[in-house]
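The values are calculated or read from the model by the stated rules, or taken from the named source; none is laboratory data. It should be emphasised that the depicted structure is a prediction, and the values quoted were computed from it without experimental measurement. Cβ placement follows ideal geometry from the backbone for every residue including glycine, while neighbour counts extend to all protein chains displayed. Just so you know, the surface numbers come from the protein's heavy atoms only, side chains and all, with ligands and any DNA or RNA stripped out. Shrake-Rupley method; radii C 1.70, N 1.55, O 1.52, S 1.80 Å.
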Amino acid sequence: MPMKVILVAGARPNFMKIAPLWSEIKRFPSYFEPVMLHTGQHYDYEMSKVFFEDLNLPEPDYFLGVGSGTHGEQTARIMIEFEKVLQEENPNLVVVFGDVNSTLGCSITAKKLLIPVAHVEAGLRSFDMTMPEEINRKVTDAISDILFTPSKDGDENLIYEGVERKKIHFVGNIMIDSLISILERIDQSYEHRVLEKFGLQKGNFVLVTLHRPSNVDNKNNLWNMMNFLNALSFRMPILFPVHPRTKNNINGFEKGFASNGAFKIVEPLRYKEFVALEKCPKFVLTDSGGIQEETTYFNVPCLTLRSNTERPITIIQGTNELVSVGNIQEKVELILSRNWKEGRMPELWDGKTAKRIVDLLKGMEI
Ligand code: UD1
């Protein structure tokens, strides 16, 4: 009998992680009966559907439609709806990805029904318990049966927390699988069209994404950063695709800027467009986890507006640095004067992570 596996996604950064595993696992129907579930944590076209299109993912078998809300409300709705699916499907394994509320809600629900859980992207830690994602990571890892880590620091964190070594598998970074496969579909003419669409030139613009509550829920912090970016746009064009959370908080106040038109605030981009741009800016300013990794892959300078990161490898081996409002100007000057570090590729960020996971699952008694 094939192993029935439910793969769970819910929010934008999950979609690039589920896609490579979905296509790899589908290749072995005698081993696996995969079921794809989308909790609906992200539901806008630009935050969800367009990613399914770019990643060649089929319609999910289940869409729970949980939507937004407070953490308690959202996680509770995920759990209520997911429990019904588990009772109907009775899978052998649930696979969760990353650190979003869907990861947490689904792993707890499965474990309470005694269903084994595998966590892809296990072991990452920011050591900052004010981040909702840190709570999601720690709880998910503490109860998961199989932990697939993207980098060796993940293994170390898990071992330090007392996770049995035999549960931990260093498989590499699954986001890079998706990145490599979308790059095969981005040729020069596509890149050129995307640059032209936003009026940008290769190597001569700044790409910005900010959505963490710590940066965008405090109006003062957001206003200061927007002013900084507005001033910077007089030196170099800036493209800022805005996440819905950020958009709600900006609420039109940027209209007051004395702008030269070079500070472009646009809707969230589709994956393919974003990657085409991320390959070739002067630098990226972000607070996203995945973008810290992707810029390391591209060897593009990355400034992360946070006081910590759960992805230290992007600083130690990659092109990333943490910045604050206090030192961002100084870091920008270093990049503009070409005094930025060269990165190197972390181990097993090679596009074969999904294959390693499937090979391991094939050999496991679950
Ligand atoms: C979530 C994840 C975060 C991840 C981010 C990527 C958690 C705790 N956080 O944060 O780790 O980096 O996704 O995007 O799971 N909204 C829409 N349309 C949507 C989705 C959300 O308009 O499709 C709006 C709603 O007003 C909502 C707000 O955005 O209240 C925030 O969405 P939510 O899913 O709560 O968290 P994110 O900030 O997106």
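Report the gain in length on full extension from Arg245 to Ile366: 0.36 nm times residue separation, minus Cα-Cα distance, nm rounded to one decimal.
Residue separation times 0.36 nm, minus the Cα-Cα distance, leaves 39.6 nm.
Multiplying the sequence separation of Thr130 and Ser307 by 0.36 nm and subtracting their Cα-Cα distance, what value in nm do you get?
Extra length available between Thr130 and Ser307 comes to 62.6 nm.
Using a 1.4 angstrom probe, figure out how much accessible area the chain has per residue, in square angstrom, rounded to the nearest whole.
42 Å²
Got a number for carbon plus sulfur as a percent of the stretch 115-157's accessible area, 1.4 Å probe?
In the stretch 115-157, the share of accessible area belonging to carbon and sulfur is 62 percent.
Listed highest first by mean packing, meaning other Cβ atoms within 10 Å per residue, what order do 304-310, 161-167, 352-358 come in?
Packing proxy ranking, top to bottom: 352-358, 304-310, 161-167.
Along the Cα→Cβ direction, 7 angstrom out, place labels at Tyr31 and Ile80. What is the inter-label distance in nm?
Simple spin-label model gives 3.8 nm for this pair.
Using a 10 Å cut-off on Cβ atoms, rank the peptides 78-87, 178-187 from the highest mean neighbour count down.
Top of the packing list down: 78-87, 178-187.
I'd like the distance between the alpha-carbon centres of the stretch 86-146 and the stretch 200-251, rounded to an integer number of Å.
Spelled out, the Cα-based centre of one part sits 31 Å from the other.
Once you charge only the Cβ atoms, +1 for Lys and Arg and -1 for Asp and Glu, what is the size of the charge dipole of the stretch 134-283 about its Cα centre, to the nearest 20 debye?
The calculation lands at about 560 debye.
Taking the highest mean first, how do the peptides 266-272, 326-332, 316-322, 144-150 order by number of other beta carbon atoms within 10 angstrom per residue?
Packing proxy ranking, top to bottom: 144-150, 316-322, 266-272, 326-332.
Taking 32 Å as the cut-off for C-alpha to C-alpha distance, list the pairs among Lys331/Lys355; Lys138/Lys247; Lys111/Lys362; Lys138/Lys362; Lys152/Lys264; Lys341/Lys362 that go past it.
Cα-Cα > 32 Å for Lys331/Lys355; Lys152/Lys264; Lys341/Lys362; rest within.
Separation of the stretch 346-366 and the stretch 266-305 by C-alpha centroid, Å?
26 Å
Mind checking which of Val35, Ala122, Leu86 is farthest towards the positive end of the chain's charge dipole, using Cβ charges of +1 (Lys, Arg) and -1 (Asp, Glu) about the Cα centre?
Projecting each Cα onto the dipole axis, the largest value belongs to Ala122.
What dipole magnitude, in Debye to the nearest 20, does the chain give about its Cα centre under +1 on Lys/Arg Cβ and -1 on Asp/Glu Cβ?
580 debye
At 222 nm, what value in deg cm²/dmol follows for the chain if DSSP H runs of at least 4 each add -39500 (n - 2.57) and the sum is divided by all its residues, to the nearest 500?
Result for the chain: -12500 deg cm²/dmol, rounded to the nearest 500.
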